[in-house]
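Comments concern the structure below.
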Amino acid sequence: MNSIRIRLFAILIATTGAVWLFAAAWIYASTQAEVERVLDARLMEAARMVSSLITDHQIDPSAAANAATADTPPPPFKEAGGGYSRQLSCQIWSLQGSLVSRSESAPATSLASHTDGFEETEIEGERWRVYAVVNPTLGVRVLVGDSLEIRDRLIGDVIKGLLLPGIVILPVLAALIWLSVGRGLAPLTRIAEGLAGRSASELHPVDAGSVPREVRPVIRALNSLFGRVAEARDRERSFTAYAAHELKTPLAGLKTQAQVALRTDEPSVQRDALSRISTSVDRTSRMVRQLIDLAAVDASQDVTSDEEVDIAVLVGEVAWELENQLAANDVHVAMELSDQAQPPTVIRGDRILVRLVLRNLLENAIQHSPKAGEVRCRVLARTNEVCVEILDQGPGIKQEDEKRVTERFFRGSKAHGHGSGLGLSIVQMALARLGGSLTFERGARWFVAKASFPI
Amino acid sequence: MRLLVVEDDEILLDGLKVGLQMCGFTVDAVTSVADADAAIEADRFDAVILDLMLPDGTGLDVLARMRRSGDRTPVLLLTAKDEVADRIAGLDSGADDYLGKPFDLDEVAARLRAIVRRGHGRATGLLEWKDVSLDPARMSASRDGMAISLSRREFVILQALMETPGVILSRSNLEEKLYGWQEEIESNTVEVHVHKLRSKLGASFIETVRGAGYRLRAAQ
């Protein structure tokens, strides 16, 4: 059942009905017991009264039977035309077994055969409850009885009186419950309408104070989702804005150099300007590529492919890819596969992320190497990780900058103006996704960037 | 006019340097806040072009230190962040003008001339003295309406003198305007160019104040 309204309605109707039926059953049982008690007491009282009347000789025993029925108080549940008259029947039998007297309503046959107390008998197809009392003085037995059918009718009438209005009221109750549930759920409808009317950029939280307590957990969860989405959007927006700003400087450089090339008459100035334009285009396209990489790493948060990646092989591939840059910078890359590289250098993870880590670290090393410098790559397989160490002879990263180098667009306080300031933040993000880590070491000859990939 | 350009992107810096030299400016260039502070401390510039985002700080700090020390050199801010709030912050910190990247070289030159001119309290770009008028925007000069052809250095010297008529400029003052840091100062250059200017503008146009320097001769 997918509608809260129908669900609530069904539950309420079922429980109301059940309570009602239970109450009716209870009342039935207690009424039955009470009626039994009251009528039994009446039987007893009537029998004793007849017995005492005839003992005192106030009434002739032959007439006494009628006194019992005539003296009874009006029936307690008299209804109009209900037919509760002549409830009691009285017989007086001699102890020898002859009928001395009987009331008008009493049958001719003996109501009961017992001598004392209550008994239920069946006479002419009718069930009777009879009280017998023996009058030893006169040697008679007084029997007073009433028809059980009348008792049952009495109880049945009480229950009917209870259930009939219930059956009439039930549809009214159902309609009221249906409307009330609808009203009760109105806050949900209001929230839904409020949310449906929002535009994509309206990520402000729903006011949890104005919603019913029961919906608050949902609203809180929703608000927290809104918060996360808004945060991601803000991050994206500020990143886009920042990226656009960062691209403006190389664009300004390109434009200025182009204008210089256009207006100069000196071939050497023109050649210089054009070669700078070419360099700037290379750098700017690297920056654009890194921006795309960064977006890719950001997006990889959701999908993580889990494939086998051989780090040693991948380092070789990346170094080969960077051959152009190596030649341009006159840098030599030496691969060092350590002796312990016997255990496989395979990890499980996203190949694209691993490649980004290796490529950016190698590119950094190459770019910061001195002319004719050397870059060394070591791949070390350990028990629970594969470690890649990239050594270069460049100036390295100053201790005080180490914490900030992985910030986007941070270029170091004495930057050379080559980099985009994105490389290490890509490395850091990709390693974080892979569960790895990035550390730096400064040696006498080498600056070492270490990336650890968990196996 | 001698400029200091503070910009950390080497390609843009080179472009500005070469381009502005072609527009008749003498350009010195630095790439960091520390170098900019040192240069401003040590030398006098007619204007400073200041990038806001530098590797070791922000150009606004340089600007604030200049203004605090009473340096009124006109400053043109260059920045990639060209939102209104940034522009307001820049101008309020004492900048004379503001230009968002990327920009047109001619616009940079025009704005530089404008802020320098305002610094001298002049409303128009045209410099006039007696029958000679000088148009820094076009790097052209005329006498009695007839165009005179001037070399870049002749132009720089004439412009310096005409910007502060009556004020004596020493030889080293004029050399500062002619040469950047990397350039070798040739001895007698100022004398040679003043001589050439006199032959084009009339012998009495520039007066030599013995032991002090040069100035434009006041009208008799």
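Values quoted throughout were computed directly from the atomic coordinates according to the rules given, and no laboratory measurement underlies them. Computed from a predicted structure; not experimentally measured. Note: ideal-geometry Cβ built from the backbone for every residue, glycine included; neighbour counts use all protein chains shown.
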Ordered by number, the GluC sites (Glu not before Pro) in the range A:158-233 that occupy a DSSP loop and have at most 13 other Cβ atoms within 10 Å are A:GLU202
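Compute the FRET efficiency between A:ALA25 and A:ALA232 as 1/(1 + (r/R0)^6), taking r as their Cβ-Cβ distance and R0 = 56 Å, and round to the nearest 0.05.
0.40
Rounded to the nearest 20 Debye, what is the dipole magnitude of the protein assembly as shown about its Cα centre when Lys and Arg each give +1 and Asp and Glu each give -1 at the C-beta?
Its charge dipole is roughly 1920 debye.
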Sites removed, the longest contiguous part of chain B containing no DSSP-loop GluC sites (Glu not before Pro) with at most 11 other Cβ within 10 Å is B:1-182
Can you give the extra length, in nm with one decimal, that the chain gains between A:ARG190 and A:PHE440 once fully stretched, where that is 0.36 nm per residue apart less the Cα-Cα distance?
-> 84.4 nm
Taking only C-alpha pairs under 8 Å that are 6+ residues apart, what is the relative contact order of chain A in percent?
-> 9
Simple spin-label estimate for A:LYS160 and A:SER210 in nanometres, 7 Å along Cα-Cβ | 5.7
To the nearest 10 degrees, how steep is helix B:152-163 against the longest Cα principal axis of chain B, on a 0 to 90 scale?
-> 90
Got a sec? Charge dipole of the range B:127-216, +1 on Cβ for Lys and Arg, -1 for Asp and Glu; which of B:GLY213, B:SER133, B:GLN159 is way out at the positive end?
-> B:SER133
So how tilted is helix A:4-55 from the main axis of chain A? Cα-based, degrees 0 to 90, rounded to 10.
-> 20
3J(HN,Hα) from dihedral phi, the range A:367-377, Karplus parametrisation 6.51/-1.76/1.60, rounded to Hz, x for glycine, proline | 5, 9, 6, x, 3, 6, x, 10, 10, 10, 10
Mind listing the phi-derived Karplus ³J(HN,Hα) values for the range A:113-123, rounded to whole Hz, using 6.51, -1.76 and 1.60 with θ = phi - 60°, and x for any glycine or proline?
-> 10, 7, 9, 8, x, 8, 7, 9, 10, 10, 10
Candidate cut points under GluC sites (Glu not before Pro) in the range A:304-399, DSSP loop plus at most 10 other Cβ atoms within 10 Å of their own Cβ, are none
So what's the angle, to the nearest 10 degrees on a 0 to 90 scale, between helix A:61-71 and the longest Cα principal axis of chain A?
-> 30
Just in the range A:345-406: which trypsin sites (Lys or Arg not before Pro) are loop by DSSP and have at most 16 other Cβ atoms within 10 Å?
-> A:LYS371, A:ARG382, A:LYS398, A:LYS403, A:ARG404
Could you tell me which of the pairs A:LYS248/A:LYS398; A:LYS398/B:LYS17; A:LYS255/A:LYS403; B:LYS177/B:LYS200; A:LYS371/B:LYS101; A:LYS371/A:LYS403 are separated by over 25 angstrom between their Cα atoms in the structure shown?
-> A:LYS248/A:LYS398; A:LYS398/B:LYS17; A:LYS255/A:LYS403; A:LYS371/B:LYS101; A:LYS371/A:LYS403
Take the Cα atoms of the protein assembly as shown, build their convex hull, and give its volume per residue in Å³.
-> 339
State, to one decimal in nm, how far the label point of A:ALA41 lies from the label point of B:ASP92, with both points 7 Å from Cα in the Cβ direction.
-> 9.6
Highest average packing first - A:26-32, A:276-282, Cβ atoms within 10 Å | A:276-282, A:26-32
Label points 7 Å out from Cα along the Cβ direction at B:SER187 and A:ARG7: separation in nm?
-> 10.1
Candidate lysines - alpha carbon under 29 Å from A:LYS160, same-chain residues fewer than 8 apart omitted | A:LYS78
